[in-house]
Amino acid sequence: MMPSFYQLLKKIIQTGIGRSRLIMATGGLGIAMILLLIAIQAHSDFDQLLYSQQNANESADFLVINKKITNAMMGQRGQSMFTAAEIADIKQQSFVEAFGFITSNQYKVTAAAPGDLHFYTDMFFESVPDTFIDVKNEEWKWTPADNTIPIILPNDFLNLYNFGFALSQDLPQISQETVKAIPMKITISQGLLTQEFTGRIVGFSDRISSFLVPGSFMEWANAKFGNGVVASPSRVIIKTKDPSNPALVKYLDDKGYNTNQDKIKYSKTKLIVQTIVSVIGFFGLILLLFALLVFSMFVQLVIASCKKKYNYWLHWVLLLVSYNDT
Amino acid sequence: MRQFVPLYIAIGIVALLLVAALQWWASKQLAGYDMVISPWIAAGTGIAAVIVIGLVYIVNRINIRKNINAIS
């Protein structure tokens, strides 16, 4: 009875000739597979960590941008402000998903603590569109009928006080809850026009390092106490899908703009990870090719070695190869 | 060649197990940062493994046929 092609080939392979090559090919193929899968896995993991919705709160999506203050710009306030053309240019960049102005106050602001705390300071207010604020609070609203102004403080500000100023001056450290509970006396003035409000801290922001008030209050107060001139913004905030986008980093560098460098640190990390993943993937592919080559050589060697011994079978093998699908 | 298929499957399973162990370790490490790695990534890697094994099978099959023809 004529043996089948598979039986013949199996018999040839089982002779043991070139077994070391088969082991090498198997090892090579295994390592190549592992390297390729690691490259795919690492690439997917990094993408997932940077861009997935679940991790959206962990990655920096919002960047506050301002111009770098140089020695030449000192004393010239206008030079640190964004012109209409510069704003339009930023808005049309592909990496900008949303754009907002940071509006400054055009009046004097002072804050005083109530009772015997003897705290008084000049300060400033800024406002940003609500969609850019990381503090969600029902108290974050203001109408002209309200005498209480909700305020968001930067988290860094409280940390600086608690761990810098308070410790060095032997003053008590204050918790966030206490700060929220203390009503502040806020006085807004411009010339002879003065109005008093109660300021209440409603949250602490990690995203925007400024004293924030609602946009409706800023608009009303600037109209009432301001000089009537709409000032250009000196800081803007953008929402971007990928703060580590090298195009964004290059744009900021080219234009001489500044932002929180910590938020764009992923740009370098991403580049390093991409390089490592590419190198692993490349070596995996090369190794895979070599493993295939060794497999091929193994079969070649086995068949060549057995050519004389199994000449009759080989005749049938070749005959069957011509007709059978392997 | 069908004779090598069990070998390919064994290699694929070993590679997948090692990468799964790496993924498990990475997930544990990132848990401290409240970061999440989706299980779909592991599924994608599994599919990639099947594709690579399939390609290896096809290429080896072509090579072996070529070798046999050359020797004849």
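The values are calculated or read from the model by the stated rules, or taken from the named source; none is laboratory data. None of the values given here were measured: they were computed from a predicted structure. Positions of Cβ are generated from backbone atoms using ideal geometry, with glycine treated the same way; all protein chains shown enter the neighbour counts. These accessible areas exclude ligands, DNA and RNA; they are computed on the full protein's heavy atoms, side chains included. Shrake-Rupley method; radii C 1.70, N 1.55, O 1.52, S 1.80 Å.
Using θ = phi - 60° and the Karplus form 6.51 cos²θ - 1.76 cosθ + 1.60, what ³J(HN,Hα) does each residue of region A:238-247 get, whole Hz, x for Gly and Pro?
Karplus values, whole Hz, x for Gly and Pro: 10, 9, 10, 5, 9, x, 8, 4, x, 5.
Could you look at region A:104-227 and say what percent of its accessible area is carbon and sulfur, using a 1.4 Å probe and all protein chains? Walk me through the intermediate numbers first.
On the way: 3740 of 6870 Å².
Of all accessible area on region A:104-227, carbon and sulfur atoms account for 54 percent.
Rounded to the nearest 20 debye, what is the charge dipole size of region A:104-227 about its Cα centre when +1 sits on each Lys and Arg Cβ and -1 on each Asp and Glu Cβ? Write out the running numbers ahead of the final one.
Working: 8 positive and 14 negative charges, 47 e Å.
The dipole magnitude comes to about 220 debye.
Translational D (Stokes-Einstein, µm²/s) of region A:213-281 at 20 °C and 1.002 mPa s when Rh comes from the Kirkwood sum over C-alpha pairs?
Estimated via Stokes-Einstein, D reaches 139 µm²/s.
Quick one: compute a quarter of the convex hull surface over the Cα atoms of region A:118-184 and quote it in nm². All intermediate terms of the calculation are to be shown ahead of the outcome.
Details: hull surface 23.5 nm².
Over every viewing direction, the Cα hull of region A:118-184 projects on average to 5.9 nm².
Would you mind giving the total buried accessible surface between chains A and B, with a 1.4 Å probe and ligands, DNA and RNA left out, rounded to the nearest 100 Å²?
3700 Å²
Quick check for you: with a 1.4 Å probe and neighbouring chains kept, what is the accessible area per residue of region A:108-189, in Å²? Present the calculation step by step, with values, prior to reporting the outcome.
On the way: 5010 Å² over 82 residues.
Roughly 61 Å² per residue, with all protein chains present.
Which order do the peptides B:43-51, A:38-46 take when ranked by the mean count of other beta-carbon atoms within 10 Å per residue, highest first?
Descending mean neighbour count gives A:38-46, B:43-51.
Provide the solvent-accessible area of residue A:242, counting protein heavy atoms only and rolling a 1.4 Å probe, rounded to the nearest 10 Å².
Accessible area of residue A:242: about 20 Å².
Please give the average number of partner chain Cβ atoms lying within 10 Å of the Cβ of each residue in B:21-30, rounded to a whole number.
Partner-chain Cβ atoms within 10 Å, mean over residues of B:21-30: 2.
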